[in-house]
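Please read the structure below before turning to the comments.
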Amino acid sequence: MSSKIYVQHSLKEYNQVMTLNKLGLRPIQIYCYLSEIGMGIKYNTLYDWINYNKKPFQEKIISKIPEESKLLTKEKAYILGVLCGDGYIRIHKSGTGFLVGLDVCDEDFADEFRRCLYQVYQLFPSKKIRTPKFTNFTSNPKPRYCINLTSKLVVFDLLRYSKSFKTKEWTVPDEIVSSNLDIKSAFLRGLFDSEGAISLRKSSGAYLSVCSGKVDSLLIVKEILKNDFDIDLKALYPQKDFIRLKSARYKHIKNFSDKIGFAIKRKNDTLKIAVSNFKIMSKTY
């Protein structure tokens, strides 16, 4: 693997940038000021320090990704599943900026996405914690965990599997459809972590569901669940351009728990309770 290293900046330079930021100066103002006093820090560098929690020691830019990163592993399948839901790929209209990211409330979800990106590409994504402001709609806003990886090669590699991962445009990659059960399970876990839910019913039992604005793609997911994992979710169409797959049957929820599950702890804990509640209910009758 070949690599190149941009100018390494000192911790002193980093601290000066962050001090000016705390004083209320915007990145462009900091850049102009530091340029005037002869401190050569690129605008993109100080912007990443301020907005993406990067540090000087992270300035190493690897120009190539490992050859084995082109293989479809469980970690990459999980990444693809997340991108079909909450994850995103952004390409700047100038064609010079390439970003893979995730912005969610569950830190363990963000950490798993980050871990998988590193495992596949050997590039360490940044992690930023963003605290939303109080609004009239919520008096206790949850912090957001933002994962970002800037890499043209990573973006191009992921777009080999789907031309787009936007809400109305994502597709189930052919490589996922023809892969083994471990790969399919990882892909579905990423999708359900993003768009799936498990909710307990007031009386007993639970509902397992997943929704999307891409109807035909989610119908393919429905077939994979049914044919490969014996999980038969009913398709509901509350709107013309929206679909939800749902089931309240023990068999399907138990199979999901055993064969796929969630990476998000709060969802997985609810899933375990749901399975247990079914068992208690069956003993009652």
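The values are calculated or read from the model by the stated rules, or taken from the named source; none is laboratory data. Everything numeric in this text was worked out from a predicted model, so none of it was measured. Cβ coordinates were reconstructed from backbone atoms using ideal geometry, including for glycine residues, and neighbour counts include every protein chain displayed. Calculation scope for accessible area: heavy atoms of the full protein, side chains included, ligands and nucleic acids excluded. Shrake-Rupley method; radii C 1.70, N 1.55, O 1.52, S 1.80 Å.
Regarding Thr131, is this residue among the polar types (S, T, N, Q), over 16 Å from the mean Cα position of the chain (by Cα), open to solvent by 40 Å² or more (accessible area, probe 1.4 Å) and modelled with pLDDT of 95 or more?
In short, no.
Look at the range 96-110 and say how many of its residues are under 9 Å from the mean Cα position of the chain (by Cα) and outside any strand (DSSP E or B).
Of the residues in that region, 2 qualify.
Keeping to the range 218-245, report how many residues are open to solvent by less than 90 Å² (accessible area, probe 1.4 Å), at pLDDT 95 or above and over 19 Å from Trp170 (Cα atoms).
The total comes to 6.
One line per residue, one yes/no per condition, for (1) among the acidic types (Asp, Glu); (2) modelled with pLDDT under 95:
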site: Gln29; (1), (2): no, yes
site: Ile41; (1), (2): no, yes
site: Trp49; (1), (2): no, yes
site: Lys55; (1), (2): no, yes
site: Glu59; (1), (2): yes, yes
site: Pro66; (1), (2): no, yes
site: Leu80; (1), (2): no, no
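Go through (1) at pLDDT 95 or above; (2) open to solvent by 20 Å² or more (accessible area, probe 1.4 Å); (3) outside any loop (DSSP other than H, G, I, E, B) and name the single condition Asp86 misses.
With (1) at pLDDT 95 or above; (2) open to solvent by 20 Å² or more (accessible area, probe 1.4 Å); (3) outside any loop (DSSP other than H, G, I, E, B) applied to Asp86, the lone miss is (3).
Condition first: at pLDDT 95 or above and buried (at least 21 other Cβ atoms within 10 Å of the Cβ). Now tell me which residues in the range 196-217 satisfy that.
Across the range 196-217, the qualifying residues are Gly196, Ile198, Leu208, Val210.
Do we find a residue being touching a helix residue (DSSP H, G or I) at 6+ places or on another chain (Cβ under 9 Å), open to solvent by 10 Å² or more (accessible area, probe 1.4 Å), outside any loop (DSSP other than H, G, I, E, B) and among the aromatic types (Phe, Trp, Tyr) anywhere in the range 261-281?
yes
Determine whether Ile79 is touching a residue at least 12 places away in the same chain (Cβ under 8 Å) and surrounded by fewer than 19 Cβ atoms within 10 Å (Cβ to Cβ).
Spelling it out, it is not the case that Ile79 is touching a residue at least 12 places away in the same chain (Cβ under 8 Å) and surrounded by fewer than 19 Cβ atoms within 10 Å (Cβ to Cβ).
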